[in-house]
1. Kindly provide log₁₀ I(q)/I(0) values, in the same order as q = 0.18 Å⁻¹, from the Debye equation applied to equal alpha-carbon scatterers of segment B:108-178.
2. Across the Cα atoms of the protein assembly as shown, what radius of gyration and what greatest pairwise Cα-Cα distance (Dmax) are found, in Å?
3. Express the C-alpha Rg of segment A:280-333 as a ratio against the empirical globular expectation 2.2 N^0.38 Å, rounded to two decimals.
4. Please report, in cubic angstrom per residue, the volume enclosed by the convex hull of the alpha-carbon atoms of segment B:153-205.
5. Write down the percent of antiparallel bridges among all DSSP beta bridges whose residues are both part of chain A, to the nearest 5.
6. Dividing the convex hull volume of the alpha carbon atoms of segment B:68-136 by its residue count, what do you get in Å³ per residue?
7. First compute the accessible area of segment A:39-148 with a 1.4 Å probe, then give the percent of it belonging to carbon and sulfur atoms.
8. How many angstrom lie between the C-alpha centres of segment B:81-107 and segment A:264-296?
Amino acid sequence: MTEPRVSAPLVLGIESSCDETGVGIVRGDQMLANEVASSVEQHVRFGGVVPEVASRAHLQAIVPALERAFEKAGVSPDELDGIAVTSGPGLVGALVVGISAAKALSLAWNKPLYGVNHLVGHVAVDLLEHGPLDPDSPTMALLVSGGHTSLLRIGNLVDDIEEVGTTIDDAAGEAYDKVARVLGLAYPGGPVIDKAAQFGDPTAIRFPRGLTAKHDLEKHRFDFSFSGLKTAVSRWVETEQAAGREIPVNDVAASFQEAVADVLTAKAVDACQRFGATTLLLGGGVAANSRLRGLLEERTAAAGIILRRPRPGLCTDNGAMIAVLGAQVIASGAAPSPILLGADSGMPVSRSYEAPAA
Amino acid sequence: MTETTPAPTPAPERVVLAIDTATDICIGLASGDTVLAVRREGDRRAHVEHLTALIAEALAEAGLAMADVTDIVVGMGPGPFTGLRVGIATAETLAWAGRTPVHGVCSLDVVAYEHAEAAQPTEDFVVAADARRKELYWALYAPDGTRIGQPHVSAPEALPAAVVIGPGADLYPAVNRGQRSEGPRAIDPGLLARVGLDLPDAGDQPLYLRRPDAVAPTSRKSTLVSHKRLSIGRL
Ligand SMILES: [Zn+2]
(Lines give C-alpha, C1' and ligand atoms only; values in the text may rest on other atoms or scores of the structure.)
Protein backbone atom coordinates (compact mmCIF):
# COMPACT_ATOMS: atom_id res chain seq x y z
CA MET A 1 0.00 0.00 0.00
CA THR A 2 1.50 3.31 -1.01
CA GLU A 3 0.90 6.25 1.24
CA PRO A 4 0.17 9.57 -0.40
CA ARG A 5 3.11 11.95 -0.14
CA VAL A 6 3.01 13.82 3.12
CA SER A 7 4.52 16.91 1.57
CA ALA A 8 5.23 18.08 -1.95
CA PRO A 9 8.72 17.21 -3.22
CA LEU A 10 11.49 19.73 -2.56
CA VAL A 11 13.48 19.96 -5.79
CA LEU A 12 16.53 21.82 -7.04
CA GLY A 13 16.40 22.68 -10.75
CA ILE A 14 19.34 23.61 -12.96
CA GLU A 15 19.01 25.13 -16.43
CA SER A 16 21.84 25.84 -18.91
CA SER A 17 20.49 25.01 -22.37
CA CYS A 18 21.10 28.40 -24.00
CA ASP A 19 22.34 31.75 -22.66
CA GLU A 20 20.73 31.75 -19.22
CA THR A 21 22.21 29.97 -16.20
CA GLY A 22 19.26 29.22 -13.95
CA VAL A 23 19.04 27.66 -10.50
CA GLY A 24 15.61 27.28 -8.91
CA ILE A 25 14.30 25.60 -5.81
CA VAL A 26 10.64 24.64 -5.51
CA ARG A 27 8.46 22.68 -3.13
CA GLY A 28 5.77 21.10 -5.28
CA ASP A 29 4.36 24.09 -7.13
CA GLN A 30 5.64 26.66 -4.68
CA MET A 31 8.70 28.64 -5.78
CA LEU A 32 11.32 29.20 -3.09
CA ALA A 33 14.17 30.56 -5.20
CA ASN A 34 14.82 31.40 -8.84
CA GLU A 35 18.29 32.75 -9.57
CA VAL A 36 19.16 33.54 -13.18
CA ALA A 37 22.43 34.81 -14.64
CA SER A 38 22.25 35.81 -18.29
CA SER A 39 25.05 36.17 -20.83
CA VAL A 40 22.76 37.90 -23.33
CA GLU A 41 24.83 41.12 -23.44
CA GLN A 42 27.85 39.13 -24.55
CA HIS A 43 25.94 37.92 -27.62
CA VAL A 44 24.45 41.23 -28.68
CA ARG A 45 27.25 42.24 -31.05
CA PHE A 46 27.04 38.87 -32.78
CA GLY A 47 23.29 39.15 -33.37
CA GLY A 48 22.64 35.72 -31.90
CA VAL A 49 23.77 33.33 -29.21
CA VAL A 50 27.38 32.19 -29.70
CA PRO A 51 27.52 28.70 -28.19
CA GLU A 52 31.10 28.89 -26.91
CA VAL A 53 30.52 32.30 -25.33
CA ALA A 54 27.38 30.96 -23.63
CA SER A 55 29.17 27.84 -22.39
CA ARG A 56 32.01 29.85 -20.86
CA ALA A 57 29.51 32.08 -19.10
CA HIS A 58 27.62 29.07 -17.68
CA LEU A 59 30.80 27.74 -16.07
CA GLN A 60 31.41 31.11 -14.42
CA ALA A 61 27.85 31.52 -13.25
CA ILE A 62 26.77 28.13 -12.02
CA VAL A 63 28.29 27.91 -8.54
CA PRO A 64 27.44 31.51 -7.57
CA ALA A 65 23.85 30.89 -8.75
CA LEU A 66 23.64 27.75 -6.60
CA GLU A 67 24.94 29.67 -3.62
CA ARG A 68 22.39 32.47 -4.07
CA ALA A 69 19.49 30.07 -4.61
CA PHE A 70 20.09 28.16 -1.38
CA GLU A 71 20.58 31.41 0.50
CA LYS A 72 17.27 32.70 -0.80
CA ALA A 73 15.28 29.50 -0.35
CA GLY A 74 16.45 28.98 3.22
CA VAL A 75 16.48 25.21 2.83
CA SER A 76 19.33 22.82 3.41
CA PRO A 77 20.56 20.38 0.76
CA ASP A 78 19.75 17.32 2.87
CA GLU A 79 16.05 18.25 2.74
CA LEU A 80 15.99 17.88 -1.06
CA ASP A 81 13.94 15.08 -2.61
CA GLY A 82 15.80 15.32 -5.89
CA ILE A 83 17.83 17.32 -8.38
CA ALA A 84 16.38 18.13 -11.80
CA VAL A 85 18.47 19.39 -14.70
CA THR A 86 17.75 20.29 -18.30
CA SER A 87 19.17 17.41 -20.33
CA GLY A 88 17.77 18.73 -23.63
CA PRO A 89 16.98 20.15 -26.06
CA GLY A 90 19.57 22.91 -26.35
CA LEU A 91 23.22 23.64 -27.12
CA VAL A 92 25.32 20.64 -26.14
CA GLY A 93 28.30 22.64 -24.87
CA ALA A 94 25.96 24.70 -22.71
CA LEU A 95 23.84 21.78 -21.48
CA VAL A 96 26.84 19.79 -20.25
CA VAL A 97 27.82 22.50 -17.75
CA GLY A 98 24.48 22.27 -15.95
CA ILE A 99 24.38 18.48 -16.22
CA SER A 100 27.90 18.22 -14.77
CA ALA A 101 26.94 20.43 -11.84
CA ALA A 102 23.70 18.51 -11.22
CA LYS A 103 25.50 15.17 -11.30
CA ALA A 104 28.16 16.45 -8.92
CA LEU A 105 25.46 17.54 -6.44
CA SER A 106 23.66 14.23 -6.84
CA LEU A 107 26.89 12.46 -5.91
CA ALA A 108 27.91 14.81 -3.12
CA TRP A 109 24.50 14.86 -1.45
CA ASN A 110 23.37 11.37 -2.44
CA LYS A 111 20.18 12.66 -4.08
CA PRO A 112 18.34 11.22 -7.10
CA LEU A 113 18.96 12.97 -10.43
CA TYR A 114 16.31 13.69 -13.04
CA GLY A 115 17.19 14.87 -16.55
CA VAL A 116 14.15 16.81 -17.76
CA ASN A 117 12.94 18.46 -20.96
CA HIS A 118 13.50 22.19 -21.30
CA LEU A 119 10.42 22.73 -23.47
CA VAL A 120 8.10 20.94 -21.09
CA GLY A 121 9.63 23.09 -18.36
CA HIS A 122 8.33 26.17 -20.20
CA VAL A 123 4.82 24.70 -19.85
CA ALA A 124 5.25 23.43 -16.28
CA VAL A 125 6.41 26.82 -15.01
CA ASP A 126 2.81 28.05 -14.99
CA LEU A 127 2.07 25.67 -12.12
CA LEU A 128 4.19 27.96 -9.94
CA GLU A 129 1.77 30.77 -10.63
CA HIS A 130 -1.60 29.15 -11.20
CA GLY A 131 -1.34 25.80 -9.45
CA PRO A 132 -1.86 22.28 -10.79
CA LEU A 133 -3.49 21.59 -14.15
CA ASP A 134 -7.19 20.91 -13.80
CA PRO A 135 -7.79 17.27 -14.74
CA ASP A 136 -11.35 18.16 -15.70
CA SER A 137 -10.22 20.80 -18.16
CA PRO A 138 -8.04 19.24 -20.91
CA THR A 139 -5.08 21.46 -21.71
CA MET A 140 -3.46 22.60 -24.93
CA ALA A 141 -0.14 24.43 -24.65
CA LEU A 142 1.18 27.01 -27.08
CA LEU A 143 4.94 27.05 -26.71
CA VAL A 144 6.70 29.99 -28.35
CA SER A 145 10.38 30.54 -27.72
CA GLY A 146 13.54 31.60 -29.50
CA GLY A 147 14.04 28.19 -31.04
CA HIS A 148 10.62 26.54 -30.82
CA THR A 149 7.02 27.12 -31.82
CA SER A 150 4.68 24.24 -31.02
CA LEU A 151 1.18 23.29 -30.06
CA LEU A 152 1.13 20.56 -27.45
CA ARG A 153 -1.76 18.49 -26.21
CA ILE A 154 -1.07 17.97 -22.51
CA GLY A 155 -2.62 14.90 -20.91
CA ASN A 156 -0.22 15.24 -18.03
CA LEU A 157 3.22 16.80 -17.79
CA VAL A 158 5.08 13.60 -16.98
CA ASP A 159 4.16 11.09 -19.64
CA ASP A 160 1.34 12.30 -21.86
CA ILE A 161 2.41 15.12 -24.17
CA GLU A 162 1.69 15.09 -27.87
CA GLU A 163 2.97 17.64 -30.36
CA VAL A 164 0.01 18.37 -32.61
CA GLY A 165 1.73 21.13 -34.56
CA THR A 166 5.09 22.81 -34.93
CA THR A 167 6.99 25.21 -37.14
CA ILE A 168 8.07 23.82 -40.48
CA ASP A 169 10.88 26.40 -40.84
CA ASP A 170 11.82 29.22 -38.44
CA ALA A 171 10.63 29.57 -34.86
CA ALA A 172 8.68 32.73 -34.04
CA GLY A 173 11.58 33.98 -31.92
CA GLU A 174 14.02 33.61 -34.81
CA ALA A 175 11.71 35.63 -37.04
CA TYR A 176 11.73 38.38 -34.40
CA ASP A 177 15.54 38.44 -34.37
CA LYS A 178 15.77 38.55 -38.16
CA VAL A 179 13.15 41.26 -38.58
CA ALA A 180 14.86 43.30 -35.85
CA ARG A 181 18.08 43.10 -37.85
CA VAL A 182 16.28 44.17 -41.03
CA LEU A 183 14.91 47.18 -39.15
CA GLY A 184 18.31 48.01 -37.66
CA LEU A 185 17.07 47.23 -34.17
CA ALA A 186 19.00 45.51 -31.41
CA TYR A 187 19.29 41.81 -30.59
CA PRO A 188 17.36 40.04 -29.15
CA GLY A 189 14.48 41.11 -31.36
CA GLY A 190 11.50 40.13 -29.20
CA PRO A 191 11.48 42.95 -26.65
CA VAL A 192 12.60 45.71 -29.06
CA ILE A 193 10.00 44.87 -31.70
CA ASP A 194 7.35 44.59 -29.01
CA LYS A 195 8.35 48.07 -27.80
CA ALA A 196 8.46 49.63 -31.27
CA ALA A 197 5.10 48.05 -32.09
CA GLN A 198 3.46 49.92 -29.19
CA PHE A 199 3.96 53.10 -31.19
CA GLY A 200 2.96 51.68 -34.57
CA ASP A 201 -0.18 50.81 -36.51
CA PRO A 202 -0.68 47.03 -36.73
CA THR A 203 -2.92 47.45 -39.77
CA ALA A 204 -0.45 49.63 -41.70
CA ILE A 205 0.95 46.79 -43.78
CA ARG A 206 -0.75 43.48 -44.45
CA PHE A 207 2.00 40.88 -44.07
CA PRO A 208 1.27 37.23 -44.96
CA ARG A 209 -0.01 34.73 -42.39
CA GLY A 210 1.95 31.50 -42.98
CA LEU A 211 0.10 28.20 -43.53
CA THR A 212 -3.36 29.70 -43.29
CA ALA A 213 -4.43 29.30 -46.91
CA LYS A 214 -7.07 26.65 -47.54
CA HIS A 215 -4.72 24.17 -49.26
CA ASP A 216 -2.12 24.61 -46.47
CA LEU A 217 -4.69 23.97 -43.77
CA GLU A 218 -5.37 20.50 -45.15
CA LYS A 219 -1.85 19.32 -44.46
CA HIS A 220 -0.60 21.85 -41.90
CA ARG A 221 -3.65 22.86 -39.94
CA PHE A 222 -1.71 23.24 -36.67
CA ASP A 223 1.75 23.90 -38.10
CA PHE A 224 3.50 27.24 -38.39
CA SER A 225 5.77 28.92 -40.92
CA PHE A 226 7.52 32.24 -40.35
CA SER A 227 10.06 32.13 -43.14
CA GLY A 228 7.74 33.70 -45.72
CA LEU A 229 6.73 36.43 -43.29
CA LYS A 230 10.35 37.28 -42.57
CA THR A 231 11.10 37.49 -46.29
CA ALA A 232 8.02 39.63 -46.89
CA VAL A 233 9.11 42.14 -44.24
CA SER A 234 12.61 42.21 -45.66
CA ARG A 235 11.37 42.79 -49.20
CA TRP A 236 8.92 45.48 -48.12
CA VAL A 237 11.67 47.39 -46.29
CA GLU A 238 14.10 47.13 -49.20
CA THR A 239 11.48 48.31 -51.67
CA GLU A 240 10.69 51.34 -49.57
CA GLN A 241 14.35 52.13 -49.13
CA ALA A 242 14.93 51.79 -52.88
CA ALA A 243 12.15 54.31 -53.42
CA GLY A 244 13.95 56.66 -51.05
CA ARG A 245 11.19 56.63 -48.46
CA GLU A 246 11.84 56.64 -44.75
CA ILE A 247 10.96 53.34 -43.10
CA PRO A 248 8.11 53.62 -40.60
CA VAL A 249 9.86 51.27 -38.19
CA ASN A 250 7.09 51.31 -35.63
CA ASP A 251 4.43 50.47 -38.21
CA VAL A 252 6.53 47.67 -39.68
CA ALA A 253 7.17 46.26 -36.21
CA ALA A 254 3.48 46.47 -35.28
CA SER A 255 2.33 44.92 -38.56
CA PHE A 256 4.88 42.12 -38.33
CA GLN A 257 3.97 41.44 -34.72
CA GLU A 258 0.29 41.42 -35.64
CA ALA A 259 0.90 38.78 -38.31
CA VAL A 260 2.77 36.59 -35.83
CA ALA A 261 0.23 36.97 -33.04
CA ASP A 262 -2.70 36.49 -35.44
CA VAL A 263 -1.53 33.17 -36.79
CA LEU A 264 -0.34 31.84 -33.42
CA THR A 265 -3.58 32.64 -31.64
CA ALA A 266 -5.86 31.51 -34.46
CA LYS A 267 -4.19 28.12 -34.68
CA ALA A 268 -4.02 27.72 -30.89
CA VAL A 269 -7.75 28.33 -30.51
CA ASP A 270 -8.47 26.04 -33.46
CA ALA A 271 -6.36 23.29 -31.85
CA CYS A 272 -8.19 23.66 -28.54
CA GLN A 273 -11.51 23.21 -30.33
CA ARG A 274 -10.32 20.32 -32.45
CA PHE A 275 -8.89 18.39 -29.45
CA GLY A 276 -11.53 19.36 -26.94
CA ALA A 277 -9.17 21.38 -24.76
CA THR A 278 -10.90 23.86 -22.49
CA THR A 279 -7.68 25.38 -21.17
CA LEU A 280 -4.93 27.00 -23.23
CA LEU A 281 -1.56 27.43 -21.57
CA LEU A 282 0.98 29.85 -23.02
CA GLY A 283 4.68 29.20 -22.49
CA GLY A 284 8.17 30.11 -23.73
CA GLY A 285 10.21 33.29 -24.06
CA VAL A 286 7.99 34.84 -26.73
CA ALA A 287 5.02 34.30 -24.40
CA ALA A 288 6.15 37.52 -22.72
CA ASN A 289 5.13 39.37 -25.91
CA SER A 290 2.40 41.87 -25.12
CA ARG A 291 0.43 41.57 -28.37
CA LEU A 292 0.45 37.77 -28.25
CA ARG A 293 -0.84 37.88 -24.70
CA GLY A 294 -3.49 40.47 -25.53
CA LEU A 295 -4.82 38.81 -28.66
CA LEU A 296 -4.83 35.41 -27.00
CA GLU A 297 -6.88 36.87 -24.18
CA GLU A 298 -9.48 38.22 -26.63
CA ARG A 299 -9.75 35.09 -28.70
CA THR A 300 -9.80 32.54 -25.88
CA ALA A 301 -12.46 34.60 -24.10
CA ALA A 302 -14.55 34.66 -27.27
CA ALA A 303 -14.18 30.89 -27.62
CA GLY A 304 -14.91 30.16 -23.96
CA ILE A 305 -11.41 28.79 -23.34
CA ILE A 306 -9.61 29.32 -20.04
CA LEU A 307 -6.25 31.03 -20.65
CA ARG A 308 -3.28 30.34 -18.40
CA ARG A 309 -0.14 32.43 -18.89
CA PRO A 310 2.77 32.69 -16.51
CA ARG A 311 3.94 36.22 -15.75
CA PRO A 312 6.60 37.45 -18.22
CA GLY A 313 9.41 36.97 -15.68
CA LEU A 314 8.78 33.23 -15.63
CA CYS A 315 8.52 32.88 -19.43
CA THR A 316 12.23 33.22 -20.14
CA ASP A 317 14.63 30.39 -19.33
CA ASN A 318 15.09 29.74 -15.61
CA GLY A 319 15.80 27.03 -13.08
CA ALA A 320 12.44 27.11 -11.31
CA MET A 321 10.71 25.79 -14.44
CA ILE A 322 13.09 22.81 -14.41
CA ALA A 323 12.59 22.28 -10.68
CA VAL A 324 8.78 22.37 -10.92
CA LEU A 325 8.82 19.85 -13.75
CA GLY A 326 11.20 17.73 -11.67
CA ALA A 327 8.72 17.91 -8.79
CA GLN A 328 5.97 16.61 -11.09
CA VAL A 329 8.20 13.75 -12.24
CA ILE A 330 9.18 12.86 -8.67
CA ALA A 331 5.59 13.07 -7.44
CA SER A 332 4.59 10.60 -10.17
CA GLY A 333 6.89 8.04 -8.59
CA ALA A 334 9.16 7.88 -11.65
CA ALA A 335 12.60 6.33 -11.23
CA PRO A 336 15.60 8.67 -11.44
CA SER A 337 17.55 9.14 -14.67
CA PRO A 338 20.54 6.87 -15.27
CA ILE A 339 23.91 7.90 -13.86
CA LEU A 340 25.21 7.95 -17.46
CA LEU A 341 22.76 10.75 -18.32
CA GLY A 342 24.08 12.90 -21.15
CA ALA A 343 22.98 15.96 -23.10
CA ASP A 344 20.37 15.40 -25.82
CA SER A 345 20.31 18.45 -28.09
CA GLY A 346 17.32 17.06 -29.97
CA MET A 347 15.28 15.71 -27.06
CA PRO A 348 11.69 15.41 -28.34
CA VAL A 349 9.05 17.43 -26.52
CA SER A 350 7.00 14.26 -26.02
CA ARG A 351 9.67 13.02 -23.59
CA SER A 352 9.38 14.97 -20.33
CA TYR A 353 12.32 13.31 -18.61
CA GLU A 354 15.03 10.72 -19.20
CA ALA A 355 13.79 7.47 -17.76
CA PRO A 356 16.29 4.75 -16.88
CA ALA A 357 16.83 2.14 -19.59
CA ALA A 358 14.12 -0.51 -19.36
CA MET B 1 55.75 1.63 29.77
CA THR B 2 54.93 3.18 33.09
CA GLU B 3 53.24 6.30 31.93
CA THR B 4 50.00 6.34 30.02
CA THR B 5 50.17 9.69 28.31
CA PRO B 6 47.58 9.60 25.57
CA ALA B 7 49.09 9.50 22.10
CA PRO B 8 48.67 12.82 20.30
CA THR B 9 45.67 12.79 18.05
CA PRO B 10 47.00 12.16 14.54
CA ALA B 11 46.33 14.90 12.04
CA PRO B 12 43.18 13.95 10.14
CA GLU B 13 44.19 12.14 7.00
CA ARG B 14 43.96 14.12 3.84
CA VAL B 15 42.16 12.49 0.95
CA VAL B 16 42.73 14.10 -2.42
CA LEU B 17 40.35 13.64 -5.35
CA ALA B 18 41.95 14.57 -8.68
CA ILE B 19 39.89 15.22 -11.80
CA ASP B 20 41.25 16.00 -15.25
CA THR B 21 39.24 16.05 -18.48
CA ALA B 22 41.65 17.99 -20.68
CA THR B 23 42.34 14.78 -22.64
CA ASP B 24 40.91 11.50 -21.38
CA ILE B 25 38.71 11.42 -18.30
CA CYS B 26 41.21 10.95 -15.47
CA ILE B 27 40.23 10.40 -11.86
CA GLY B 28 42.59 9.69 -9.00
CA LEU B 29 42.14 9.28 -5.27
CA ALA B 30 45.15 9.46 -2.98
CA SER B 31 46.01 9.87 0.63
CA GLY B 32 49.55 11.10 1.14
CA ASP B 33 51.75 9.00 -1.13
CA THR B 34 49.23 6.20 -1.38
CA VAL B 35 47.07 6.00 -4.47
CA LEU B 36 43.69 4.62 -3.38
CA ALA B 37 41.94 4.31 -6.75
CA VAL B 38 42.23 5.50 -10.33
CA ARG B 39 39.89 5.58 -13.29
CA ARG B 40 40.54 6.46 -16.91
CA GLU B 41 38.05 6.62 -19.76
CA GLY B 42 39.25 7.29 -23.28
CA ASP B 43 35.93 8.14 -24.94
CA ARG B 44 36.47 11.86 -25.47
CA ARG B 45 32.96 12.46 -26.72
CA ALA B 46 31.30 11.20 -23.56
CA HIS B 47 32.88 13.18 -20.73
CA VAL B 48 29.57 14.31 -19.26
CA GLU B 49 28.09 10.82 -19.36
CA HIS B 50 30.94 9.05 -17.58
CA LEU B 51 32.74 11.44 -15.26
CA THR B 52 30.52 11.32 -12.16
CA ALA B 53 29.91 7.60 -12.48
CA LEU B 54 33.67 7.01 -12.56
CA ILE B 55 34.22 9.22 -9.51
CA ALA B 56 31.56 7.18 -7.70
CA GLU B 57 33.33 3.97 -8.75
CA ALA B 58 36.70 5.21 -7.55
CA LEU B 59 35.25 6.27 -4.21
CA ALA B 60 33.56 2.90 -3.81
CA GLU B 61 36.79 1.07 -4.57
CA ALA B 62 38.57 3.12 -1.91
CA GLY B 63 35.71 2.56 0.51
CA LEU B 64 35.13 6.31 0.78
CA ALA B 65 32.34 8.80 0.28
CA MET B 66 32.59 12.35 -1.08
CA ALA B 67 32.39 13.56 2.51
CA ASP B 68 35.77 11.94 3.17
CA VAL B 69 37.49 13.97 0.45
CA THR B 70 39.48 16.81 2.02
CA ASP B 71 40.93 18.37 -1.14
CA ILE B 72 40.06 18.46 -4.82
CA VAL B 73 42.63 18.94 -7.57
CA VAL B 74 41.35 19.78 -11.04
CA GLY B 75 43.14 20.11 -14.36
CA MET B 76 42.28 23.52 -15.85
CA GLY B 77 43.53 22.52 -19.29
CA PRO B 78 44.51 23.40 -21.86
CA GLY B 79 42.20 21.01 -23.69
CA PRO B 80 39.13 20.86 -25.94
CA PHE B 81 36.63 23.21 -24.34
CA THR B 82 33.48 21.16 -23.87
CA GLY B 83 35.20 18.18 -22.24
CA LEU B 84 37.43 20.44 -20.18
CA ARG B 85 34.42 22.30 -18.77
CA VAL B 86 32.80 19.02 -17.69
CA GLY B 87 35.73 18.33 -15.38
CA ILE B 88 35.95 21.87 -14.05
CA ALA B 89 32.20 22.26 -13.51
CA THR B 90 32.13 18.92 -11.71
CA ALA B 91 35.14 19.73 -9.53
CA GLU B 92 33.94 23.21 -8.64
CA THR B 93 30.43 22.00 -7.81
CA LEU B 94 31.72 19.11 -5.70
CA ALA B 95 33.97 21.58 -3.92
CA TRP B 96 31.09 23.95 -3.27
CA ALA B 97 28.75 21.18 -2.13
CA GLY B 98 31.24 19.80 0.37
CA ARG B 99 32.92 23.10 1.29
CA THR B 100 36.09 21.41 0.08
CA PRO B 101 39.04 23.49 -1.14
CA VAL B 102 39.75 23.11 -4.86
CA HIS B 103 43.17 23.55 -6.44
CA GLY B 104 43.37 24.20 -10.19
CA VAL B 105 46.50 23.06 -12.00
CA CYS B 106 47.79 23.17 -15.56
CA SER B 107 47.05 19.71 -16.97
CA LEU B 108 50.42 19.56 -18.72
CA ASP B 109 52.33 20.09 -15.46
CA VAL B 110 51.67 16.63 -14.09
CA VAL B 111 53.09 15.03 -17.23
CA ALA B 112 56.21 17.17 -16.81
CA TYR B 113 56.44 16.18 -13.15
CA GLU B 114 56.34 12.50 -14.04
CA HIS B 115 58.98 12.88 -16.75
CA ALA B 116 61.32 14.91 -14.53
CA GLU B 117 61.09 12.31 -11.76
CA ALA B 118 61.38 9.24 -13.92
CA ALA B 119 63.89 10.25 -16.61
CA GLN B 120 65.93 12.93 -14.83
CA PRO B 121 66.36 14.84 -18.09
CA THR B 122 69.34 17.18 -18.46
CA GLU B 123 67.75 19.63 -20.86
CA ASP B 124 64.56 21.63 -21.16
CA PHE B 125 61.66 19.70 -22.63
CA VAL B 126 58.15 20.31 -23.96
CA VAL B 127 54.86 18.69 -22.98
CA ALA B 128 52.30 18.82 -25.82
CA ALA B 129 48.64 17.84 -26.17
CA ASP B 130 46.25 17.71 -29.10
CA ALA B 131 44.59 21.07 -29.76
CA ARG B 132 42.88 19.89 -32.97
CA ARG B 133 42.84 22.19 -36.03
CA LYS B 134 46.42 21.10 -36.83
CA GLU B 135 47.71 22.71 -33.65
CA LEU B 136 49.12 21.63 -30.30
CA TYR B 137 48.74 22.89 -26.77
CA TRP B 138 52.19 22.94 -25.21
CA ALA B 139 54.41 24.30 -22.46
CA LEU B 140 58.17 24.37 -21.97
CA TYR B 141 59.71 22.85 -18.84
CA ALA B 142 63.10 23.00 -17.12
CA PRO B 143 64.81 19.63 -16.47
CA ASP B 144 63.39 19.56 -12.93
CA GLY B 145 59.83 19.79 -14.27
CA THR B 146 59.30 23.49 -13.50
CA ARG B 147 57.20 25.14 -16.16
CA ILE B 148 58.87 28.00 -18.01
CA GLY B 149 56.21 30.58 -18.84
CA GLN B 150 52.58 30.03 -19.74
CA PRO B 151 51.09 27.25 -21.88
CA HIS B 152 50.63 28.03 -25.59
CA VAL B 153 48.67 26.88 -28.59
CA SER B 154 50.37 26.85 -31.97
CA ALA B 155 51.21 24.88 -35.09
CA PRO B 156 53.59 21.97 -34.42
CA GLU B 157 56.33 23.75 -36.42
CA ALA B 158 56.34 26.57 -33.88
CA LEU B 159 57.34 24.43 -30.90
CA PRO B 160 60.73 25.17 -29.27
CA ALA B 161 63.64 22.99 -30.39
CA ALA B 162 63.44 20.55 -27.50
CA VAL B 163 62.35 17.00 -26.82
CA VAL B 164 58.55 16.82 -26.90
CA ILE B 165 56.59 14.39 -24.72
CA GLY B 166 52.95 14.15 -23.65
CA PRO B 167 49.68 13.13 -25.30
CA GLY B 168 50.34 15.27 -28.39
CA ALA B 169 53.96 14.21 -28.96
CA ASP B 170 53.27 11.70 -31.73
CA LEU B 171 50.62 13.50 -33.76
CA TYR B 172 52.75 15.40 -36.26
CA PRO B 173 55.92 14.47 -38.14
CA ALA B 174 57.28 17.96 -37.48
CA VAL B 175 57.50 17.12 -33.78
CA ASN B 176 60.70 15.38 -32.55
CA ARG B 177 61.80 15.26 -36.21
CA GLY B 178 59.53 12.29 -36.64
CA GLN B 179 61.48 10.23 -34.07
CA ARG B 180 59.76 8.80 -31.02
CA SER B 181 60.87 10.49 -27.82
CA GLU B 182 61.15 8.78 -24.46
CA GLY B 183 58.61 9.99 -21.94
CA PRO B 184 55.02 9.75 -20.74
CA ARG B 185 52.18 10.11 -23.23
CA ALA B 186 49.27 10.58 -20.85
CA ILE B 187 48.22 12.21 -17.63
CA ASP B 188 48.63 9.77 -14.73
CA PRO B 189 45.51 10.22 -12.56
CA GLY B 190 47.09 8.59 -9.51
CA LEU B 191 50.10 10.86 -9.73
CA LEU B 192 47.84 13.89 -10.14
CA ALA B 193 46.08 12.92 -6.92
CA ARG B 194 49.38 12.34 -5.09
CA VAL B 195 51.24 15.49 -6.12
CA GLY B 196 48.54 17.79 -7.48
CA LEU B 197 48.40 19.98 -4.38
CA ASP B 198 52.12 20.72 -4.83
CA LEU B 199 51.80 21.73 -8.49
CA PRO B 200 51.62 25.46 -9.21
CA ASP B 201 48.22 27.12 -8.88
CA ALA B 202 46.76 27.65 -12.34
CA GLY B 203 44.03 29.98 -11.09
CA ASP B 204 40.29 29.47 -11.23
CA GLN B 205 39.76 30.06 -14.95
CA PRO B 206 40.04 27.37 -17.63
CA LEU B 207 43.18 27.60 -19.76
CA TYR B 208 41.26 28.07 -23.01
CA LEU B 209 44.16 29.77 -24.86
CA ARG B 210 41.81 30.51 -27.74
CA ARG B 211 39.02 33.02 -28.11
CA PRO B 212 35.54 31.67 -28.88
CA ASP B 213 34.75 31.21 -32.56
CA ALA B 214 32.38 34.02 -33.22
CA VAL B 215 32.18 36.64 -35.87
CA ALA B 216 30.21 39.81 -35.54
CA PRO B 217 27.89 40.04 -38.54
CA THR B 218 28.87 42.47 -41.25
CA SER B 219 26.14 44.84 -42.33
CA ARG B 220 23.12 43.18 -43.82
CA LYS B 221 23.51 42.03 -47.39
CA SER B 222 21.50 44.18 -49.73
CA THR B 223 21.52 45.15 -53.34
CA LEU B 224 20.44 48.61 -52.39
CA VAL B 225 22.85 51.50 -52.44
CA SER B 226 21.63 53.79 -49.73
CA HIS B 227 20.24 53.01 -46.29
CA LYS B 228 18.02 55.46 -44.56
CA ARG B 229 18.55 55.89 -40.91
CA LEU B 230 15.99 53.97 -38.92
CA SER B 231 14.49 54.97 -35.63
CA ILE B 232 12.57 53.24 -32.91
CA GLY B 233 9.92 54.19 -30.41
CA ARG B 234 9.36 57.78 -31.51
CA LEU B 235 6.26 59.16 -29.90
ZN1 LIG C 1 13.68 28.18 -23.41
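1. -0.58
2. Radius of gyration, then largest Cα-Cα span, for the protein assembly as shown: 27.7, 109 Å.
3. Values: Rg = 13.4 Å, N = 54, 2.2 N^0.38 = 10.0 Å.
Dividing the Cα radius of gyration by 2.2 N^0.38 Å gives 1.34.
4. 119
5. Antiparallel bridges make up about 60 percent of those DSSP assigns within chain A.
6. Working: hull volume 6.7 nm³, N = 69.
Per residue, the Cα convex hull of segment B:68-136 comes to 97 Å³.
7. Working: 1790 of 3430 Å².
C and S fraction of accessible area: 52 percent.
8. Each part's Cα centre sits 43 Å from the other's.
The values are calculated or read from the model by the stated rules, or taken from the named source; none is laboratory data. Being a predicted model, the structure only gives us computed values, none of them experimental. Virtual Cβ from ideal backbone geometry, glycine too; neighbours counted across all protein chains shown. Accessible surface areas use protein heavy atoms only, side chains included; no ligands, DNA or RNA. Shrake-Rupley method; radii C 1.70, N 1.55, O 1.52, S 1.80 Å.
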